[in-house]
Every structure is written in structure tokens, then in C-alpha cells.
1. Probe radius 1.4 Å, ligands and nucleic acids ignored: give me the carbon and sulfur share of the accessible area of the chain as a rounded percent.
2. At 0.890 mPa s and 25 °C, plugging the Kirkwood radius over alpha-carbon pairs of the chain into Stokes-Einstein gives what diffusion coefficient in µm²/s?
3. Can you compute the radius of gyration and Dmax for segment 1-60, using only the Cα atoms, both in Å?
Amino acid sequence: MAISQEFIDYLIDQIVDAGEITAKRMFGGCAIYSDGKIFGLIGDGKLFIKPTKSGKEFIGQVTEEPPYEGAKPYFLIEERIEDSQWLSELVRLSCDELPMQKRRESKKKPSVH
């Protein structure tokens, strides 16, 4: 199921004071970032946040579900995506705990002289 740009824009607008929030479409879904750090995925009209200890404590009773077949479970956020303050705090807490993504170095063949 395709994700509407309106839904992506809505989620980005809901998250405030949690860095620069951006989204990148990929594999039929969408990755969502704060200051270049991936913290969640959007798929099938749902928001999935990477699991963290602080995120779990903040949410309380967590619903976990893989965002796509074969993926590890993420926190499924459905009930409170309209609560901008709550969602923004969850993103801030999660991002504080998540590592920066390592950049992949291109595998260039060594030049032969």
C-alpha cells in the first residue's frame, strides 16, 4: 500500500523541537530521520519507532510489530500520533539513545599502476 505524501508531511509537522525531521522513501515505505539519524519507519499508514529503553519507559505499554516482513519489531505508534507534544518527546528520547548511522564507504577497486 502506497504512503501518501500528505501522511508523511503530517507526521513531520507533528514532531517539533526534535531536530530537523526529514523523510526518505524507500522499498515501498519511508524512513524518517532527525538531524540525519534514522529513528523510525512509515509503512502501510503506520508509524514505527526504533525500540529503545527510554522509549519503552516513556510509552509504558508498548505494542511491537515489524514494519515489514522479515524486519525486527519496532514500537508501533497509532493511538498518540495526533499528540504532537507526546510524539515529539518520544522522538527526542529515542534519538538521544540511538547511535548515528555509520556511513558506508564505497568499495573502490585499488588502482593498478
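The values are calculated or read from the model by the stated rules, or taken from the named source; none is laboratory data. In this text, all values refer to a predicted model and were calculated from it rather than measured experimentally. Each accessible area value is taken on the protein alone, full model and side chains, heavy atoms only, with ligands, DNA and RNA left out. Shrake-Rupley method; radii C 1.70, N 1.55, O 1.52, S 1.80 Å.
1. Looking at the chain in its full context, I get 49 percent from C and S.
2. 165 µm²/s
3. When restricted to the Cα atoms of segment 1-60, Rg and Dmax are 11.6, 32 Å.
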